[in-house]
């Protein structure tokens, strides 16, 4: 698998309304059990990254650290986002398998 497949799948999830961008919305989604996968950009602020990883671990939500804010944001048609929550379990499973195969 290559990174383009993962980014394309993120774009599809956004178009299907199954992607939540941004720290505040992701935090709310994790706490309310609506998010099944959190995508974290590698170049995200270290304190934010640590905070979100701890939240995911305490709530039992899968997370993956991937790529950078520029390419992830471009894949979903937004600017300067580093956190993305996937709300659909099928999209989450597909993304996890593709990311783990990289």
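Read the figures in this text as sums done on the coordinates, not as results from a lab. All figures in this text were calculated on a predicted structure; none of them were measured in a lab. Glycine gets a Cβ as well: all are built from the backbone with ideal geometry, and neighbour counts include every protein chain shown.
General observations
- When residue 32 is tested against the conditions (1) closer than 22 Å to residue 100 by Cα; (2) over 14 Å from the mean Cα position of the chain (by Cα), the lone failure is (1).
- Filtered by the rule that a residue be surrounded by fewer than 18 Cβ atoms within 10 Å (Cβ to Cβ) and either in contact with a strand residue (DSSP E or B) (Cβ under 8 Å, 6 or more places away or on another chain) or not in a helix (DSSP H, G or I) (or both), the range 30-46 gives 32, 33, 34, 42, 43, 45.
- Out of 69, 49, 78, one residue alone is farther than 15 Å from residue 92 by Cα, surrounded by 14 or more Cβ atoms within 10 Å (Cβ to Cβ) and without any contact (Cβ under 8 Å) to a residue 24 or more places away in the chain. It is 49.
- Residues located in the range 3-20, provided they are assigned to a helix (DSSP H, G or I) and either without any contact (Cβ under 8 Å) to a residue 12 or more places away in the chain or within 10 Å of the chain's Cα centre (by Cα) (or both): 4, 10, 15
- Lone qualifier among 23, 27 - being surrounded by 14 or more Cβ atoms within 10 Å (Cβ to Cβ), in contact with a strand residue (DSSP E or B) (Cβ under 9 Å, 6 or more places away or on another chain) and without any contact (Cβ under 8 Å) to a residue 40 or more places away in the chain: 27
- Residues of the range 82-102 classified as more than 17 Å from residue 15 (Cα to Cα) and either assigned to a loop (DSSP other than H, G, I, E, B) or within 9 Å of the chain's Cα centre (by Cα) (or both), total: 3
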